[in-house]
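A.B. asks: Let me give you the structure first, and then I'll get to my questions.
The values are calculated or read from the model by the stated rules, or taken from the named source; none is laboratory data. Note that the structure is a prediction, hence the values are computed from the model and not measured. No Cβ is skipped: glycine too gets one built from the backbone with ideal geometry, and neighbour counts run over all protein chains shown. All accessible areas refer to the heavy atoms of the entire protein, side chains included, with ligands and DNA or RNA removed. Shrake-Rupley method; radii C 1.70, N 1.55, O 1.52, S 1.80 Å.
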Amino acid sequence: MGVEQKLGNLGVLTTKLEEAINWSRTRAMWPMLFGLACCAIEMMSAQASDYDMSRFGMELMRPSPRQSDLMIVAGRVSRKMAPVLRRLYDQMPDPKWVIAMGDCASCGGVFNNYAIVQGVDEVVPVDVYVAGCPPRPEALIHGILTLHAKVRGEKLADWA
Amino acid sequence: MDLVDRAVEILRGKMKDAIPAVETFRGETAVVVRPEAIAEACRLLRDDPRLRFDFLAALTAVDYWPDEPRFAVVYELYSIPHRVFLRLRVPLSSTAAEVPTIEGVYPNANWHEREVFDMFGITFVGHSDLRRVLMPFDWVGHPLRKDYPLGYEEVQFSFNHEEIDRKKPYAQE
């Protein structure tokens, strides 16, 4: 609006900086491998050709926290694993997001005992919880799209 | 005569004072051994050319709380040449929950004994590296003891969601 109408088609698109940045963040959100239990199998399946998460620019599962934007905690986190999880989260560069995949990561699930953290939100701040035991790949992809909607709504003023 | 009976006979012949009882249940024999004699009994069973129990298949413990003797350390030996299992049991009282290590006889007892120490708090005297193996090193207590709390947390439902939400320790950025 505005400049395109006056100058004609220059092959230029104008938009808000906020929208451009949020769009680029959602279209190349590299997840970090954090497969801890059976949810990891569904996460692999979501990655593989049937469900194909690369449709959303997520073809790369990074084994290194320094190259990833999204941590998918897939499985139950034991109290011994919790410090490792937090350390990997701290090593991820900003901006970063966390999906708690499955009941165990969300609230402890069936493992209501001394050894399992009752929800990974006690260790890292979680953006999206995906329910299911384990969730199907569609559910994980729905969770990722929910996260994308959340990221698209982020405001420039909140980052600075 | 089958090999288990022969092993019991040989043990009785060599170290009678150290074997207070022999228990048989559904065709399985467990030899009760006094704690101070366990390493010698294992060495005897391993080195006797007629027996050759050369493999420690399992080493674990049982907690009979609140009965006394409270603990029993269980040694499951296997003779690979004869394909026979033999079980040794060492009862321990709760006041003196310690037993000599058998690491010198079966080197794989190292991690087994560490696990029993971690889960039951039974001390293995003379062990080369008696640290926790499963739980974090700063963990307090021994989880497989019968008097250890299970650590259940209240389950969050819609009717108590807010009450639990208020005291839940959420992580910060």
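A.B. asks: For the full complex of protein chains and a 1.4 angstrom probe, list B:TRP111, B:TRP139, B:TRP65 by accessible area with the highest value first.
C.D. replies: Correct descending sequence by accessible area is B:TRP111, B:TRP65, B:TRP139.
A.B. asks: Give the average over all directions of the projected area of the C-alpha convex hull of the protein assembly as shown, one decimal, in nm².
C.D. replies: 26.1
A.B. asks: Quote the accessible area belonging to B:ARG145 in square angstrom, nearest 10, computed with a 1.4 Å probe and with ligands, DNA and RNA left uncounted.
C.D. replies: Number for this one is 60 Å².
A.B. asks: Past the 24 Å Cα-Cα mark, which pairs from B:LYS16/B:LYS146; A:LYS80/B:LYS146; A:LYS16/A:LYS150; A:LYS96/A:LYS150; A:LYS80/B:LYS168; A:LYS150/B:LYS167?
C.D. replies: Exceeds cut-off: B:LYS16/B:LYS146; A:LYS150/B:LYS167.
A.B. asks: Please list the radius of gyration and Dmax for region B:3-145, considering alpha-carbon atoms only, with Å as the unit.
C.D. replies: In Å, with Rg to one decimal and Dmax whole: 15.0, 46.
A.B. asks: Please report the accessible area of B:LYS146 (heavy atoms, 1.4 Å probe, ligands and nucleic acids excluded) in Å², nearest 10.
C.D. replies: Its heavy atoms expose roughly 120 Å² to the probe.
A.B. asks: Tell me which residues come under 5 Å, amide H to amide H, from B:ALA61 once H is placed; ignore anything under 5 positions away on its chain.
C.D. replies: B:VAL74
A.B. asks: Also, I was wondering about something else. If region A:13-76 were replaced by its equivalent ellipsoid, with semi-axes equal to the square roots of 5 times the Cα gyration tensor eigenvalues, what would those be, largest first, whole Å?
C.D. replies: So the three semi-axes of region A:13-76 are 26, 14, 9 Å.
A.B. asks: Longest segment of chain A with no GluC sites (Glu not before Pro) in a DSSP loop having at most 15 other Cβ atoms within 10 Å?
C.D. replies: Answer from the scan: A:60-153.
A.B. asks: Another question about this same structure. Using a 1.4 Å probe and counting only protein heavy atoms, how much accessible surface gets buried when A and B come together, both sides summed, in Å² to the nearest 100?
C.D. replies: Counting protein atoms only, the buried area is about 1400 Å².
A.B. asks: If you roll a 1.4 angstrom probe over the protein chains with everything in place, what fraction of the accessible area of region A:3-160 belongs to carbon and sulfur, to the nearest %?
C.D. replies: For region A:3-160, the apolar C and S fraction of the accessible surface comes to 58 percent.
A.B. asks: Suppose a student asked you for the relative contact order of region A:83-160, using Cα pairs under 8 Å spaced at least 6 residues apart; what percent would you report?
C.D. replies: 28
A.B. asks: Expressed as a whole number of Å, what is the distance separating the alpha-carbon centroids of region B:1-76 and region A:112-160?
C.D. replies: So the two Cα centres are separated by 53 Å.
A.B. asks: Moving on to the next point. Would you check the accessible area of B:ILE80, probe 1.4 Å, heavy atoms only, in square angstrom rounded to 10?
C.D. replies: Here the accessible area works out near 100 Å².
A.B. asks: Continuing with the same structure: Using θ = phi - 60° and the Karplus relation 6.51 cos²θ - 1.76 cosθ + 1.60, list the HN-Hα couplings for region B:54-70 in order, rounded to whole Hz, with x at every Gly or Pro.
C.D. replies: The phi angles translate into 9, 9, 8, 6, 7, 9, 9, 9, 10, 10, 9, 3, x, 6, 10, x, 6 Hz.
A.B. asks: Further, regarding this structure: Among B:THR101, A:THR146, B:THR95, B:THR24, what's the order by accessible area (1.4 angstrom probe), most exposed first?
C.D. replies: Putting B:THR101, A:THR146, B:THR95, B:THR24 in descending order of accessible area: B:THR95, B:THR24, A:THR146, B:THR101.
A.B. asks: Also, I was wondering about something else. In 10 Å bins starting at zero, report the fraction of Cα pairs in chain A per bin as a rounded %.
C.D. replies: Whole-percent P(r) values from 0 Å outward: 11, 37, 31, 13, 6, 3, 0.
A.B. asks: Arrange the residues B:ASP48, B:ASP17 by how much accessible surface each exposes, largest first, with a 1.4 angstrom probe.
C.D. replies: Listed by decreasing accessible area, they come as B:ASP17, B:ASP48.
A.B. asks: A follow-up question, please. Rounded to the nearest 500, what is the 222 nm mean residue ellipticity of chain A from helices alone, with -39500 (n - 2.57) per DSSP H run of 4+ residues and division by all residues?
C.D. replies: About -10500 deg cm²/dmol.
A.B. asks: Let me ask something additional. Could you tell me the relative contact order of chain B? Use alpha-carbon pairs under 8 Å, at least six residues apart, and round to a whole percent.
C.D. replies: 16
A.B. asks: Please give the residues from region B:137-152 for which the solvent-accessible area of heavy atoms, probe 1.4 Å, is smaller by at least 10 Å² with all protein chains in place than with the chain isolated.
C.D. replies: SASA drop of 10 Å² or more in region B:137-152: B:TRP139, B:PRO143, B:TYR148, B:LEU150, B:GLY151, B:TYR152.
A.B. asks: OK, next. Hey, what's the protein assembly as shown come to in accessible area per residue, 1.4 Å probe, Å²?
C.D. replies: Per-residue value: 55 Å².
A.B. asks: Probe radius 1.4 Å, ligands and nucleic acids ignored: give me the carbon and sulfur share of the accessible area of chain B as a rounded percent.
C.D. replies: 54
A.B. asks: From Cα pairs below 8 angstrom and at least 6 apart in sequence, can you work out the relative contact order of region A:4-160, rounded to a whole percent?
C.D. replies: After rounding, I find 23 percent.
A.B. asks: So, one more: 5 Å is the cut-off here: which amide hydrogens, built 1.01 Å from N in the peptide plane, fall below it relative to A:ASP52, excluding neighbours closer than 5 in sequence?
C.D. replies: Here nothing satisfies the definition.
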